[in-house]
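Worksheet: one structure, shown below.
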Amino acid sequence: MRPFLLFAIRYNRLMRSKWSPLWVASLVIIVIFAIGAFFGVRALLGSAFQGMDTLARKQTGDARKELAAAANDSDKCFALAQIAKDDFNRGKFAEASQYANQLLSISKRLTPADGGPFGIAVHDSNMVLGRLALKYGKKEAAKQFLLSAGLTTGAPTLDSFGPNMSLANDLLAAGESATVIEYFHECRKFWSFKKDTLLEWESDVKAGNTPNFGANLVY
């Protein structure tokens with residue numbers, strides 16, 4: 001922007017004449033630079049999103065390999081969670097349901113003593129199944145799935161990066177702010193590292209706004 005301002009000041013007198021050839025040439029140059037900058041930013045953003053998509057594909061590919069090699073229920077949890085979330089995001093709803101239900105079944109066989117795998121199984125199975133329920137018009141079921149997800153005892157990733165807020169975000173769009181706030185309260189029990197963030201999100205919701213969940217729509 002600064003070069004454009006300097007250019008305009010330097011040739012201010014000539015540019016006062018509306019149809020000055022230099023004015024027209026300057027306008028053309030500015031438009032060309034503006035278009036170039038616009039498409040440059042679009043290309044940059046496109047590359048970033050493409051990179052994220054490639055990373056997600058790689059993570060899910062790795063998860064499928066981990067799932068195939070898993071020797072027990074605990075070993076399957078993180079892989080099933082990744083695959084279920086990714087399949088939902090790609091519109092593969094039948095597959096997402098299959099993997100999320102497998103994960104939910106595992107959560108009922110494990111106990112809090114199993115640590116992170118149990119925590120991930122409880123949260124992410126309910127989160128994905130809730131998104132599916134809401135997609136098919138079962139709002140009450142979706143609300144219950146969200147509250148069930150919040151009953152997780154936590155996991156290293158849940159305790160640090162925090163939970164995936166996709167279902168909470170979906171329910172806010174459906175007007176279910178009270179349930180989402182209750183879920184935030186549940187999350188404080190394991191995501192104590194970010195209690196202030198949860199309080200900020202709660203304030204946003206109470207004010208009638210949707211919080212900026214950022215990366216917590218991805219985790």
- List the helices (runs of 4 or more DSSP H) that sit entirely inside region 56-140 and contain at least 1 residues that are more than 23 Å from residue 187 (Cα to Cα) and among the hydroxyl-bearing types (Ser, Thr, Tyr). 93-109
- Message: I'm told residue 170 meets every condition in (1) of a type in the set (D, E, K, R); (2) over 16 Å from residue 81 (Cβ atoms); (3) without any contact (Cβ under 8 Å) to a residue 24 or more places away in the chain except one. Can you identify the failing condition by its number?
- Response: (3)
- Query: Which numbered condition trips up residue 189, out of (1) part of a helix (DSSP H, G or I); (2) under 24 Å from residue 107 (Cβ atoms)?
  - Reply: (1)
- Query: Which one of these does residue 118 not meet: (1) surrounded by fewer than 19 Cβ atoms within 10 Å (Cβ to Cβ); (2) over 17 Å from the mean Cα position of the chain (by Cα)?
  - Reply: (1)
- Matching entry among 76, 85 (being more than 21 Å from the chain's Cα centre (by Cα) and basic (Lys, Arg)): 76
- Test: residue in region 107-115 that is surrounded by fewer than 16 Cβ atoms within 10 Å (Cβ to Cβ), over 16 Å from the mean Cα position of the chain (by Cα) and at pLDDT below 95: no
- Query: Pick from region 155-193 the residues that are farther than 19 Å from residue 218 by Cβ and small (Gly, Ala, Ser): which of them is surrounded by the fewest Cβ atoms within 10 Å (Cβ to Cβ)?
  - Reply: 175
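The values are calculated or read from the model by the stated rules, or taken from the named source; none is laboratory data. This structure is a prediction, so every number in the text was calculated from the model and none was measured. Because the Cβ atoms are built from the backbone with ideal geometry, glycine has one as well, and the counts that use them run over all protein chains shown.
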